[in-house]
Each structure stands twice: as C-alpha cells, then as structure tokens.
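Data first, discussion second: the structure below is written as structure tokens.
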Amino acid sequence: MPPAPDRSFPRRERLKSKKRIARLFEQGKGGFVYPVRYVLLDDSAEESVAGKDRPLSVLIAVPKRHHKRAVERNLLKRRMREAYRLNKQALSGTLSGPCALGLLYASGDVAGYPQIESAVKKIIRILREQA
C-alpha cells in the first residue's frame with residue numbers, strides 16, 4: 001500500500017520572515033485568478049539559510065482594506081489554507097530550489113470554499129507549467 005500523501009501545512013512551510021515577505025512583493029512575479037492574487041519568488045539564488053531546508057514557503061493574506069471584520073478575514077484565510085493544504089502535493093517536486101509563494105485574497109465579496117479551491121488549483125497548475 002503506497003504511503004498517504006502529505007496533507008499537512010506545518011509551521012515550517014509558512015512564510016513568516018519580514019525580509020522574505022518584503023522581497024516577495026518587491027521582486028516576485030505573479031498573476032490573478034479570481035478571487036486570489038498570487039506572487040511567486042524564486043529564492044534559489046539567495047543565500048538564505050532559512051529557505052534551504054524547505055522547497056516552498058507560503059504566505060496567505062486577506063487585506064483589512066476589503067474585509068473590515070476579523071471574522072470574515074479569518075474565514076477566508078481558513079478556506080485558502082485548506083484549499084492549499086489539500087492540493088499542495090501537485091506542486092511538490094516541480095519547483096527548483098527554495099521559493100516563496102504569496103496567496104492574497106483580492107475580492108471584496110466573501111467567496112465560498114469551492115470557488116476558492118478552484119482558484120488555488122488553477123494557480124498550482126499555472127505554477128507547475130511555469131516550472
């Protein structure tokens with residue numbers, strides 16, 4: 001029986017470094033799949049010790065500008081994390097070296113989980129094709 005795919009989203013896979021986040025938005029390339037905007041930064045040229053042990057660090061954000069209530073922001077972040085967590089195995093092994101990925105919710109409306117999941121799947125498909 002083959003081992004079950006890793007469907008966890010541990011802390012070591014989360015992007016938390018302020019320097020890497022700033023570099024992600026300054027130098028990263030991205031796109032938009034409604035309702036999620038994505039930014040990808042290839043850190044393989046960077047000499048950061050933090051990125052060597054993990055191939056991909058992910059940042060998930062919902063701006064306060066569009067969603068004033070924390071309840072809505074937390075709901076949307078939870079839906080995006082779950083969609084990424086369940087579909088990330090398709091992305092493993094395709095990215096060369098350490099990378100940083102930002103997933104930002106860009107709509108003013110509260111989207112349902114199926115819509116967010118389809119956007120995250122499409123983003124993962126786009127990233128696989130680019131790699």
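The values are calculated or read from the model by the stated rules, or taken from the named source; none is laboratory data. In this text, all values refer to a predicted model and were calculated from it rather than measured experimentally. When we count neighbours, we look across all protein chains shown, and the Cβ atoms used for this are built from the backbone with ideal geometry, even at glycine. Surface accessibility is based on the protein's heavy atoms, side chains included, excluding ligands, DNA and RNA. Shrake-Rupley method; radii C 1.70, N 1.55, O 1.52, S 1.80 Å.
Counting only Cβ charges, +1 for Lys and Arg and -1 for Asp and Glu, the dipole size of the chain around its Cα centre is about 580 debye. Within the chain, DSSP assigns beta bridges of which about 65% are antiparallel (rounded to the nearest 5). Label sites at Tyr113 and Ala90, each approximated as a point 7 angstrom past Cα along Cα to Cβ, lie 1.8 nm apart. Note on the chain: with neighbouring protein chains present and a 1.4 Å probe, carbon and sulfur make up 52 percent of its accessible heavy-atom surface. Of the residues Leu95, Ala111, Ala83, the one whose Cα sits farthest towards the positive end of the charge dipole of segment 76-115 is Ala83 (charges of +1 on Lys and Arg Cβ, -1 on Asp and Glu Cβ, taken about the Cα centre). A crude spin-label estimate for the pair Gln27 and Ser44, with each label 7 Å from Cα along the Cβ direction, gives 1.4 nm. Computed over protein heavy atoms with a 1.4 Å probe, the accessible surface of the chain works out to 60 Å² per residue. Based on Cα contacts under 8 Å between residues 6+ apart, segment 32-131 shows a relative contact order of 47 percent.
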